[in-house]
Amino acid sequence: MTASDTFSVDSRRHGDALHITVSGELDLASESPLVEAAERAMASTDAAHVIIDLSGLVFADSSGLRGLLRCQDYAVEHSLPLTLAVPVGGFLDRLLDISGVRAWFSYE
Amino acid sequence: MPTMTTDSATTAETERLAAVRRYDILDTPPDGAFDRITAAAARMFHVPISIISIVDADRIWFKSHHGADTEEVAREPGLCASAILQDGPWFLNDAKTDPRALTNPLVAGEFGLRFYAGVPLTTHDGHNLGTLCVIDQQPREVTDEEMATLRDLASIVMDEFELRLSARRTLGLEGELRRQAEEIANLLQESLLPPRLSAIPGLEIDARYHAVHRDQVGGDFYDVVPTDDGAAIVVGDACGKGTKAASFMGIARWTLRSICFGRWTPAKALARLNHVLINAHETRSYATLALASIRPIESGGADLTLALAGHPQPLVIRGDGTVEPVGVTSSVVGWRTGVAFGESPVRLGSGESMVLFTDGVLEALCGHASLDQTRLEHVLGALAGTTAEETADALDSAIVDGGLERDDAAFLVVRAR
């Protein structure tokens, strides 16, 4: 399964933070590409913390959320503080509420 | 001895014909690749006619016939029939003076064939399917170089036959694999969902499943488990699709069946299930669940205790047509240990219903990227006082009529008498 054309994940350093920018649809097809790219970026960074920027997300389902949880796990294992930048009132915002996992992440 | 020779010749011919059948070339449409080869052969030899022939039981069929209008001739006069009896090239510089062919109707008759050079098309296991040949109505010499080129072209023809055969086989295999995958998915789906919901005294229950993908199970599920004082009802959604999601869902369903008895509560059951799922599965995943214990009341109505593990709030259809979301949210199950789950009471009046559903239902009604419940609430509001089956039928229609189904959808309607 390949991620849709609209999905993209990009990482770059800003000051002492590693910014991972995610855009498009975050679902079953893009879950693994997200996790692989994020883990690769986190493995090779000397940044003090990680920010996953989700402001470009147009859709996220349970598989997408699972991908973010996996990124969270990796960050914790490697002692990298991780925060999410989530557009308020958007799809992911509501999904975090319904799934009852809002408190499992830190936010920008 | 002659008898044995005839027998072995017959066997060889039977095997050869089997090889012809195997390549599945006879009577296939014209093919550019083969036409280019005969055109090249004719050009190289400076002859008008070049043919790729397949020798069948009683005819010689032409896969490509450059410079000739015929598609087949009877086996008897065909010179290719003689050519395939040897392993090397077979040629007639001047057929009119060659004892092997001068009485052949193609030579003696109107066509006036004078020159023939043919190389057998030989399979890797040594069967001559037919020939690549060049033909002229004038006598001609051939050089070793020309014959070598003809042999190379014949090898290319054989390579093309092999390629097409393996491509057809691959397609056939793929088709077969796809059919098997569908069958497995359907069996899996059927075995993971209750074939018939248990009847619970004092309650009407109906549940429906909309599977969108024929070749992949979704993670949606529902179940009704009879208990001492009523039932446990659950609707759930395992993350992802396919066999992984299905097996996660299967573990959830069967674990719940073994937990929901005696002095159980939905919150305790979810905590237990959470522990089981985290430890039971190799790959990490999670599921969302709406789980309720339901206890019918003698005089009508029912008492419920409802727990939500990361699942959309079920909707109660009140007698006056108002629709009320119920339940307090706890987190999903299967991901994190030591999570606490909450539960809350719900009371159904006599004739009132509660609908538990997966987010696929919301998507089907409102389109992709929607967790909006207003349309569903609107549909259900019109169904106050209807039986569980009528409610389920109406919701079924709304889902199908919407035409926006993208993922599996499941729902369960429970109505207190």
Inter-chain shielding of B:237-247 (mean C-beta neighbours from other protein chains, 10 Å cut-off): 2
Accessible surface buried once B binds A (1.4 Å probe; total of both sides; Å²): 1800 Å²
Residue-count net charge about B:Ala307 - beta-carbon cut-off 14 Å; Lys, Arg +1, Asp, Glu -1: +1
Equivalent-ellipsoid semi-axes of chain A, from the Cα gyration tensor, Å, largest first: 20, 16, 13
Inter-label distance, nm, simple model (7 Å from Cα along the C-beta direction), B:Glu190/A:Ser44: 5.1 nm
Cα centroid separation - region B:30-78 against region B:146-160, whole Å: 14 Å
Inter-centroid distance (Cα atoms) of region B:96-126 relative to region B:357-417, Å: 76 Å
Pairwise FRET efficiency - B:Glu183 versus A:Ser79, Cβ, R0 = 41 Å, nearest 0.05: 0.30
Listed residues A:Leu65, A:Ser8, A:Ala85: farthest to the positive end of the dipole of chain A (Cβ charges): A:Ala85
Rounded FRET efficiency, nearest 0.05, which uses the C-beta distance separating B:Ala33 from B:Asp94 and R0 of 35 Å: 0.60
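Where only protein heavy atoms count, and the probe is 1.4 Å, what is the accessible area per residue for the protein assembly as shown in Å²?
Accessible area per residue, the protein assembly as shown: 46 Å².
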With Cα atoms, 0 to 90° folded angle of helix B:266-280 axis to chain B main axis: 30 degrees
Rounded tilt (10° steps) of B:388-402 against the dominant C-alpha axis of chain B: 50 degrees
Whether region B:1-146 is rounded, prolate or oblate, judged on the alpha carbon gyration tensor where a/c under 1.5 counts as rounded: oblate
In nm, spacing of pseudo-spin labels at A:Arg94 and B:Ala18 (7 Å Cα→C-beta vector): 6.6 nm
Angle between chain B longest axis and helix B:242-259 axis [Cα atoms, degrees, rounded to 10]: 30 degrees
Accessible surface of chain A, 1.4 Å probe, proportion on carbon and sulfur as whole %: 49 percent
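About its Cα centre, how strong a charge dipole does region A:1-48 have in debye, to the nearest 20, once Lys and Arg get +1 and Asp and Glu get -1 at the Cβ?
Roughly 200 debye, rounded to the nearest 20.
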Threshold 50 Å² - residues in region B:303-334 whose accessible area is reduced by that much or more when the chain is no longer isolated, probe 1.4 Å: none
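When a/c is below 1.5 the answer is rounded, else prolate if a/b is larger than b/c, else oblate, so apply that to chain B with a ≥ b ≥ c taken from the square roots of the Cα gyration tensor eigenvalues.
Note, shape of chain B comes out prolate.
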Fraction of accessible area attributable to carbon and sulfur, chain B (%, probe 1.4 Å): 52 percent
R0 of 30 Å, Cβ-Cβ distance B:Asn279-A:Ala103: FRET efficiency to nearest 0.05: 0.85
Qualifying chymotrypsin sites (Phe, Trp or Tyr not before Pro) in region B:243-280, DSSP loop, other Cβ atoms within 10 Å at most 15: B:Phe261
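The values are calculated or read from the model by the stated rules, or taken from the named source; none is laboratory data. Just so it is clear, the structure is predicted and the values come from calculations on it, not from any experiment. Reconstructed Cβ throughout: ideal geometry from the backbone, glycine too, with neighbour counts over all protein chains shown. In case anyone asks, the SASA skips ligands and DNA or RNA and just uses the protein heavy atoms, side chains included. Shrake-Rupley method; radii C 1.70, N 1.55, O 1.52, S 1.80 Å.
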